[in-house]
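Taking it in order: structure first as structure tokens, then the write-up.
The values are calculated or read from the model by the stated rules, or taken from the named source; none is laboratory data. Computed from a predicted model, the values in this text were never measured in an experiment. Cβ coordinates were reconstructed from backbone atoms using ideal geometry, including for glycine residues, and neighbour counts include every protein chain displayed. Side chains are part of the model used for accessible areas, which takes the heavy atoms of the whole protein and leaves out ligands, DNA and RNA. Shrake-Rupley method; radii C 1.70, N 1.55, O 1.52, S 1.80 Å.
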Amino acid sequence: MDRRNNQVVSWGTGFVAAFELYDKYPEIETAFQTIITLVLPQMKIQDYLTASPADFFSTISMGIDNVMRYKKETALQQMRRSHGKKKGGKGIHSHKQSIIKPCLRLLADNFYSRRSEKGDVDNAIQFYVHAIQLRPTFADAWTNLANAYTRKGNLSQAAECCHQALALNPHLADAYCNLGDVLKAQGLYREAYSHYLDALNIKPTFANAWNNIAGLLMQWGDFNKAAVYYKEAIKCNPAFYDAHLNLGNLYKVTGMRQDAIVCFQNAARAKPENAVAYGNLGNAYHEQGQLDLAILSYRQAIHCNSSYVEAYNNLGNALKDAGRNEEAIGCYQTCLALQPSHPQALTNLGNVYMESYNWIVCTLQQLGNDIQTAVLRIDPMAADCLVNRGNTFKEAGRITEAIQDYFHAVTIRPTMAEAHANLAAAYKDTGLLEASIISYKQALQLRQDFPEATCNLLHTLQCVCDWDDRAEKFVEMSSLPSVQPFHAIAYPIDSTLALEISRTYAAHYSLVASRFGLPTFTHSYPVPISNDGRTSRLRIGDFGNHPLSHLMGSVFGMHNQDTIEVFCYALSQDDGTEWRQRIRSEAEHFIDVSSMSSDMIAKVINEDKIQVLINLNGYTKGARNEIFALQPAPIQVSYMGFPGTTGADYIDYLVTDEFVSPLKFSHIYSEKLVHLPHCYFVNDYKQKNRDVLGPVCPHKRADYGLPEDKFIFACFNQLYKMDPDIFNTWCNILKRVPNSALWLLRFPAAGEMRLRASLADAISKGVRADQIIFTDVAAKNEHIRRSALADLFLDTPLCNGHTTGTDILWAGLPMITLPLEKMATRVAGSLCLATGFGEEMVVNSLEEYEERAVSLAENPLKLEALTNKLKAVRMTCPLFDTSSMVKNLERAYLHMWNLHCSGRHPQHFKVVVLFSEIVGLDSFNLQYPPCPVSA
């Protein structure tokens with residue numbers, strides 16, 4: 001290689017070294033800038049043409065040192081003196097001039113590009129203009145100036161610069177790409193796409209162009225093709241930070257979280273100093289539930305950029321979810337110190353305060369609303385804030401206002417899946433099920449990996465009898481973590497899966513309880529209690545809300561106050577109903593805790609020295625199971641509220657009966673089973689609904705559009721309890737009994753249309769459309785009375801009529817029911833057996849179900865005899881003997897306590913009326929023939 005080529009290589013090496021110098025030591029950047037813009041232009045050409053590259057950059061280094069000391073003149077003198085005499089001939093001198101001047105212009109242009117990358121756009125523009133003044137035909141400088149103008153928002157000037165660059169060099173791929181950026185910023189996406197393709201035609205390995213096209217494809221919703229283009233960009237430049245980051249975002253949007261994590265890790269490796277990659281990585285870990293890794297990633301993001309407000313906010317969220325509320329508060333406060341009007345941080349801080357401190361719930365709700373309203377004053381378009389305020393309204397029962405906020409949120413940000421899902425839930429609560437389905441589907445279109453929306457959509461479809469692709473949907477649902485136990489009781493799923501679903505929810509409430517940070521409750525020393533009143537009384541706490549009051553209205557006042565001291569803790573606010581007033585007046589202690597926080601309620605229960613705490617809610621709406629997770633009482637029991645296992649290790653017993661929960665099925669329950677005699681399902685009909693026993697029914701079939709001359713089958717269960725198998729069985733029954741009709745409730749109304757659509761196939765096989773009759777839901781007394789207008793009740797096997805089953809038996813209406821394995825499928829069988837005539841109403845298979853219904857319809861004397869027997873025993877049979885049920889409950893509670901006092905763990909046991917004693921289930925034989933279980 002001749003000397004001139006050596007010089008060129010040396011100069012190139014020197015420029016690279018210079019860039020590394022000011023990248024590595026940011027503190028000399030200002031000095032370097034001064035040399036390029038002020039010192040070098042004052043030098044004469046021969047001053048630097050005669051120098052070797054090493055001398056030249058040595059001189060620059062000395063100049064930097066002096067410039068940093070504000071000695072610009074000294075720097076200039078040193079740089080001029082250091083070159084001495086010319087060291088080459090004319091040819092070499094001429095060659096240096098042709099090489100070094102462009103190199104200096106390139107040095108300036110590249111330096112200014114670095115300034116632009118670091119966000120100093122105004123200075124970058126100034127420097128690019130200076131580079132162009134040094135060399136007006138410098139196409140790269142025009143291109144970079146266009147890029148700077150684009151970032152500044154001066155799109156017209158940017159476009160002019162791009163066109164100027166292309167006029168100077170029509171084959172400049174960067175210029176086409178930058179022009180594409182300008183057009184994209186102007187909303188001209190197709191034109192931008194065309195120019196990105198022009199860039200690729202010139203330079204097929206141009207990673208930026210591949211990345212930019214991928215961005216457009218993602219914006220157009222073509223995620224698969226976008227992923228291919230991002231991968232091509234990475235193939236062209238394996239260390240391409242933007243492409244790794246963008247591909248990760250794509251994977252995150254499409255639910256491929258693990259792939260997203262890998263991409264964000266690659267982005268972080270490409271730019272270890274860039275906070276955004278670590279922030280996105282933290283988000284991906286957070287969504288995966290990997291809180292420790294999420295927290296680590298957010299902290300790394302903050303290490304890279306101590307002013308990264310979103311990282312502080314997201315770190316706060318991760319810490320909050322990990323139960324580290326105090327640290328979360330610190331993060332939110334730091335975020336707000338950096339950006340006082342940050343809507344999400346304000347909202348999150350309000351939420352964590354609401355969860356962390358023992359303030360009155362209504363005050364907290366008002367505080368939450370005040371925070372959200374304050375945020376909305378700062379930013380009226382804050383969709384997150386609207387959703388949070390909507391949540392607060394929804395929890396307070398202000399559904400209309402919640403819907404308004406959710407609707408406003410989806411209007412502002414149509415791509416916010418959570419807003420659509422919350423709107424769907426609010427619609428569902430108000431009975432707008434069709435609107436709810438639409439909103440859930442919109443949420444899932446935006447975010448396919450959204451378990452909560454998937455599960456809630458499935459339940460909403462179940463509520464309206466939409467059975468399309470039913471089997472496939474339940475297979476998909478079985479692998480999701482967000483199925484609600486109360487929904488699962490009516491799903492065709494394995495009993496062990498139902499147990500796991502409940503365990504998941506129980507673990508969630510344990511986590512909620514842990515966030516209160518309360519020490520473990522202590523309980524008084526266990527002293528045995530006799531049932532003859534000679535010792536202290538057993539303190540039981542009944543913990544529930546309004547929905548059970550019509551079934552248990554008399555129970556609380558019937559307890560024997562010689563042995564039992566009853567505390568009723570009311571979760572629901574006073575609604576002024578007779579049920580509420582009756583319980584308040586009859587219970588020995590009635591405590592309204594509806595306005596207290598959960599930890600305060602737990603403290604009240606513990607301070608009341610409750611020995612047996614009864615959960616009357618289970619997983620129904622309004623339950624606050626975190627109170628039980630805090631374990632304020634030594635013995636905790638599930639009863640009545642939820643027909644299934646709680647899956648909770650903090651619930652010791654489930655009060656049931658031996659038909660509903662036989663010992664052979666104990667493996668599907670987390671609790672120990674307590675079998676009451678006859679039937680566990682308590683009711684209050686003998687005390688409150690005797691008036692319906694009159695011989696004359698005030699209602700007529702014509703009042704409800706029922707034909708007088710037909711046999712009327714009826715099912716008054718909610719429509720979500722139905723499934724295609726039982727509906728097909730009903731259709732078979734209607735075909736075999738032509739002069740019959742099936743009476744159903746619009747429960748909900750939206751289900752009528754779907755069921756009639758399902759009837760289409762049956763119509764082609766002989767069922768008539770007029771054989772299905774829908775009527776509206778009625779008030780309790782009317783509902784019981786009019787039930788007698790039907791001839792036979794057809795129960796739903798997947799989830800029986802529980803309260804409804806008790807209603808129709810009190811009305812004297814026979815039923816047919818098919819018990820399966822889960823608790824909710826066996827309650828109606830227990831109700832029937834407790835009348836004394838269960839053998840005539842309980843069947844073992846769908847085939848027997850159909851045959852029994854047809855047989856009774858075709859044998860009116862046999863059906864009439866059964867009806868008369870049911871009516872005759874209503875005042876004497878065990879099913880409606882509330883007083884005996886209460887006595888048996890008391891004996892069960894006393895036995896639980898005395899087992900505890902003896903130091904024994906909870907165990908299965910049965911209260912036996914016949915021998916007036918309690919025996920272990922393992923040694924006791926059933927008092928009545930067991931009904932075989934049908935799969």
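Tabulated data for the structure shown
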{"read-out": "Only one of Ala243, Ala199, Ala227 that is over 18 Å from Arg151 (Cα atoms), surrounded by 22 or more Cβ atoms within 10 Å (Cβ to Cβ) and under 31 Å from the mean Cα position of the chain (by Cα)", "value": "Ala243"}
{"read-out": "Residue selected from region 830-869 under the condition under 45 Å from the mean Cα position of the chain (by Cα) and closer than 14 Å to Leu813 by Cβ, by the criterion surrounded by the fewest Cβ atoms within 10 Å (Cβ to Cβ)", "value": "Thr835"}
{"read-out": "Phe590 out of contact with any Pro (no Cβ under 9 Å at 6 or more places or on another chain) and not assigned by the TED database to the domain that holds Thr803", "value": "yes"}
{"read-out": "Matching residues in region 599-610 - criterion: being buried (at least 24 other Cβ atoms within 10 Å of the Cβ) and either more than 20 Å from Arg515 (Cα to Cα) or not aliphatic (A, V, I, L, M) (or both)", "value": "Ile610"}
{"read-out": "Yes/no for Glu782 being more than 39 Å from the chain's Cα centre (by Cα), assigned to a helix (DSSP H, G or I) and charged (D, E, K, R)", "value": "yes"}
{"read-out": "Failed item, numbered, when Arg701 is tested on (1) open to solvent by less than 20 Å² (accessible area, probe 1.4 Å); (2) over 18 Å from Asp657 (Cβ atoms)", "value": "(1)"}
{"read-out": "Selection from region 156-180 of residues that are open to solvent by 40 Å² or more (accessible area, probe 1.4 Å) and part of a helix (DSSP H, G or I)", "value": "Ser156, Gln157, Glu160, His163, Gln164, Ala167, Leu168, Asp174, Tyr176"}
{"read-out": "Filter result for Gln573 (at negative phi and modelled with pLDDT of 95 or more)", "value": "no"}
{"read-out": "Any helices (runs of 4 or more DSSP H) falling wholly within region 304-394 and containing at least 2 residues that are closer than 25 Å to Tyr427 by Cα and at pLDDT below 90", "value": "343-356, 361-378"}
{"read-out": "In region 733-754, the residues that are open to solvent by less than 10 Å² (accessible area, probe 1.4 Å) and more than 13 Å from Gln718 (Cα to Cα)", "value": "Ile733, Leu734, Ser740, Ala741, Leu742"}
{"read-out": "From the options Gln404, Gln445, residue that is surrounded by fewer than 16 Cβ atoms within 10 Å (Cβ to Cβ) and over 15 Å from the mean Cα position of the chain (by Cα)", "value": "Gln445"}
{"read-out": "Residue satisfying all of: in region 478-509; aliphatic (A, V, I, L, M) and crowded, with 22+ Cβ neighbours inside 10 Å; nearest to Gly323 (Cα to Cα) among these", "value": "Ala506"}
{"read-out": "Selection within region 157-205 - of a type in the set (Phe, Trp, Tyr) and out of contact with any Asp or Glu (no Cβ under 8 Å at 6 or more places or on another chain)", "value": "Tyr189, Tyr193, Tyr196"}
{"read-out": "Flag if Thr806 is part of a helix (DSSP H, G or I), open to solvent by less than 10 Å² (accessible area, probe 1.4 Å) and either out of contact with any helix residue (DSSP H, G or I) (no Cβ under 7 Å at 6 or more places or on another chain) or not assigned by the TED database to the domain that holds Thr656 (or both)", "value": "yes"}
{"read-out": "Conditions (1) over 34 Å from the mean Cα position of the chain (by Cα); (2) open to solvent by less than 20 Å² (accessible area, probe 1.4 Å); (3) β-branched (Val, Ile, Thr); number of the one not met by Thr577", "value": "(2)"}
{"read-out": "Test: Ile591 is open to solvent by less than 10 Å² (accessible area, probe 1.4 Å), modelled with pLDDT of 90 or more and among the aliphatic types (A, V, I, L, M)", "value": "no"}
{"read-out": "Qualifying positions in region 413-427 - under 13 Å from Thr454 (Cα atoms) and charged (D, E, K, R)", "value": "Glu418"}
{"read-out": "Residue that is out of contact with any helix residue (DSSP H, G or I) (no Cβ under 9 Å at 6 or more places or on another chain) and either surrounded by fewer than 21 Cβ atoms within 10 Å (Cβ to Cβ) or not polar (S, T, N, Q) (or both), where the choices are Asp709, Asp725", "value": "Asp709"}
{"read-out": "Region 775-795: number of residues that are modelled with pLDDT of 95 or more, of a type in the set (A, V, I, L, M, F, W, C) and either closer than 20 Å to Lys721 by Cβ or assigned by the TED database to the domain that holds His550 (or both)", "value": "4"}
{"read-out": "Output for region 451-473, where each listed residue is within 16 Å of His487 (Cβ to Cβ) and not in a helix (DSSP H, G or I)", "value": "Val464, Cys465, Asp466, Trp467"}
{"read-out": "Any hit, region 493-516, residues being at pLDDT below 90 and in a loop (DSSP other than H, G, I, E, B)", "value": "yes"}
{"read-out": "Residue count for region 199-233, restricted to those that are closer than 26 Å to Arg447 by Cβ, hydrophobic (A, V, I, L, M, F, W, C) and assigned to a helix (DSSP H, G or I)", "value": "10"}
{"read-out": "Number of the exception - Ala239 against (1) under 16 Å from Asp181 (Cα atoms); (2) not in a helix (DSSP H, G or I)", "value": "(1)"}
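Let's see how each residue does on (1) open to solvent by less than 30 Å² (accessible area, probe 1.4 Å); (2) among the β-branched types (Val, Ile, Thr); (3) in contact with a helix residue (DSSP H, G or I) (Cβ under 6 Å, 6 or more places away or on another chain):
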residue	(1), (2), (3)
Ala760	no, no, no
Ser764	no, no, no
Ile773	yes, yes, no
Ser787	yes, no, yes
Asp791	no, no, no
Cys799	yes, no, yes
Pro819	yes, no, yes
Ala828	yes, no, yes
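One line per residue, one yes/no per condition, for (1) modelled with pLDDT of 80 or more; (2) surrounded by fewer than 21 Cβ atoms within 10 Å (Cβ to Cβ); (3) in the same structural domain as Tyr176 (by the TED database):
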{"site": "Asn110", "(1), (2), (3)": "no, yes, no"}
{"site": "Arg114", "(1), (2), (3)": "no, yes, no"}
{"site": "Ala124", "(1), (2), (3)": "no, no, yes"}
{"site": "His130", "(1), (2), (3)": "no, yes, yes"}
